[in-house]
Amino acid sequence: MNYSLLTSSNPADIQSDCIAISIFANKKLSNAAMLLDTATDGMISKFLDISDFSGNCGQSHLLYSDAAIQCSRILLIGCGEENAFDQKIACTVIKKASKKIAETSAKHATLLLLDTLSERIICEQSMRQSILTFADSLYRFEQYKSDKKEDAALEEVCIAFTTEPPCDVATMLIQGKAIAKGMQLSRDLANQPGNVCTPSFIAETAQSLAEEYTSMQVEVLEEQDMEALGMGSFLSVGKGSSQPSKMIILHYNGAGDESRPIALVGKGVTFDTGGISLKPGGNMDEMKFDMCGAASVIGTINACAEMKLPLNIVAVLAAAENMPSSQATKPGDIITSMSGKTIEVLNTDAEGRLVLCDALTYVGRYNPEVVIDTATLTGACIVALGHHICAVLANNDELAKDLINAGNDINDKTWRLPMDEAYSKQLKSACADLGNIGGGGAGTITAACFLSQFTEEYQWAHIDIAGTAWKGKNATGRPVPLLAQYLINKANNQH
Ligand code: BES
Ligand code: MN
Ligand code: ZN
């Protein structure tokens, strides 16, 4: 899919297969709609006069024209009250337009929906949202299907304005395309089945990414390297699997050697059976998505390299397969983490925190400015927030706030959950420094409290994506937009 920009004072001159325009409440035409109405001898206003179309948000109607304009389809999109137009309405409107355009055989579509915007922020958000919405509506994972759906007709989406837009649209186009690309990589990787997407497969994906961008380098720690480093916690998770565990480190250098890196850490459990604490069979296939944290980190660093953000990033993907076998870690086993803390594995299904804690200790050696980890960590997160909003937990208020704001900027929403000493106490073990599960409820919080014992040296936030990383049987690419937006904001504010 191609995305392009256009400023044209007269939409009647635009060559396209479909032009989408805004109609506001009480049939009020946008500037672009007015110009097209004149060029079509009042076709739009005549239609509005005789129809039930009022311009309420969510309405749409397709008109065909053989008038003296360069486009045969005019798609009317209801946008509600003009002065109430905000990002939320923009999302609805763009989604509607993408759905309706996909129902036609248009190859080239022009969006003239942001034409009356005067606010920079809404313009920026809507520009990127347009690209992400179209990318999402066209995404398919059909590699293993013999009968593939016919290719979508749509080849190009042009975002057009009739007057000078109130934001830097060229930059927004680059950002939107980069984030869409990162999301696609993340989804393609996460949708792979567990027999294909092993820790080695994630390592190979990281390696080919590093080959594609000179700004990136990759290192892979093998099991013997991790043994030498004392990563007993991480290694305990893959012990039951014949697939070797890998700790994959991707460096993106966009800011020279002096600047401290931002660290991203992703849970990469390529299949989570639960181990000896075996999960029930229903929907266990979905545990191939237990590497979505790692997939979103790799997608985010790809987006950053595309945007050439002036930041340094170190990404750590903790990849292992959690299987039961005679070699597997058992409930009651005590392991020693890289930090020196001992952990009693009370439940082998609470494995995410075991791979993450050593990755979090390891990343400390890069002296990171902040560390953000993301993981499909707890089923409890779905109980708390369902499938719409990611949980954020942090040991630093400003970092939490920055993440929440970034999520709001790009419609990849988060909600902060608290952390407190009282919850940490739930992680007691009779024989070791801590247990890997906390009884007594608040599973998402106790999991984060476990991690917080390994992140005391730096500013840290944790994003639990158990409810948001996939929908049905399809990876969503979240939280790539959130992380990418956070890093964009970071790059913009550092001067
Ligand atoms: N990967 C799961 C969490 C999960 C479950 C994510 C369902 C998405 C959907 C994680 O490894 C896990 O099994 N967590 C346990 C922790 C418990 C044993 C303390 C859980 O949430 O049940
Ligand atoms: Mn588990
Ligand atoms: Zn898991």
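Bear in mind that the values in this text are calculations on the coordinates, not laboratory data. None of the values given here were measured: they were computed from a predicted structure. Here Cβ is always computed from backbone atoms with ideal geometry, including for glycine, and neighbour counts include all displayed protein chains.
So the values come out like this:
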| read-out | value |
| --- | --- |
| Per-pair calculated FRET efficiency, R0 = 51 Å: residue 28 and residue 260 via Cβ, rounded to 0.05 | 0.50 |
| Inverse mean reciprocal Cα-Cα distance (Kirkwood Rh) of region 273-403, Å | 16.9 |
| Length gained when the stretch residue 64-residue 45 is fully extended (0.36 nm per residue, less Cα-Cα span) | 5.5 nm |
| Lys/Arg +1, Asp/Glu -1 at C-beta; region 154-304 dipole; positive extreme among 162, 297, 193 | 193 |
| Förster radius 51 Å - calculated FRET efficiency between residue 396 and residue 156, Cβ distance, rounded to 0.05 | 0.75 |
| Residue 120-residue 107 pseudo-label distance in nm [points 7 Å out on the Cα-to-Cβ vector] | 3.9 |
| Relative exposure of 108, 388, judged by other C-beta atoms within 10 Å (fewest first) | 388, 108 |
| Approximate spin-label separation residue 474-residue 83, in nm, with each point projected 7 Å along Cα-to-Cβ | 4.0 |
| Descending principal axes extents, region 390-482, alpha-carbon based, whole Å | 44, 33, 19 |
| Kirkwood Rh, Cα atoms: Rg over Rh of the chain | 1.03 |
| Relative contact order computed over the chain (Cα-Cα under 8 Å; 6+ residues apart), in percent | 14 |
| Gained length - residue 415 relative to residue 456, 0.36 nm times residue gap less alpha-carbon distance | 12.5 nm |
| Angle between the chain longest axis and helix 443-452 axis [Cα atoms, degrees, rounded to 10] | 70 |
| Charge-dipole axis of the chain as Lys and Arg at +1 and Asp and Glu at -1 on Cβ define it, positive-most pick from 347, 213, 130 | 347 |
| Cα Rg, Dmax (largest Cα-Cα span) when computed across region 46-195, Å | 17.2, 59 |
| Ranked 387, 61, criterion: other C-beta atoms within 10 Å, fewest first | 387, 61 |
| Charge dipole (region 377-460, unit charges on Cβ, about Cα centre) - positive-most of 459, 419, 404 | 419 |
| Residue order, fewest to most beta carbons within 10 Å, for 128, 140 | 140, 128 |
| Counting all C-alpha pairs of region 20-127, share separated by more than 25 Å (%) | 14 |
| Centre separation in Å (Cα based) which lies between region 206-222 and region 267-335 | 19 |
| Rounded to 10°, Cα long-axis angle of helix 87-102 versus longest principal axis of the chain | 70 |
| Förster-model FRET efficiency, 56 Å R0, residue 430 and residue 389, C-beta, rounded to 0.05 | 0.95 |
| Additional length obtainable on full extension of the chain from residue 492 to residue 4, 0.36 nm per residue less Cα span | 173.3 nm |
| Pair-distance profile P(r), taking every C-alpha pair of region 453-495, with 5 angstrom steps and integer % | 5, 17, 18, 18, 19, 14, 7, 3, 0 |
| Percent RCO, i.e. relative contact order, over region 211-317, from Cα pairs under 8 Å lying at least 6 residues apart | 36 |
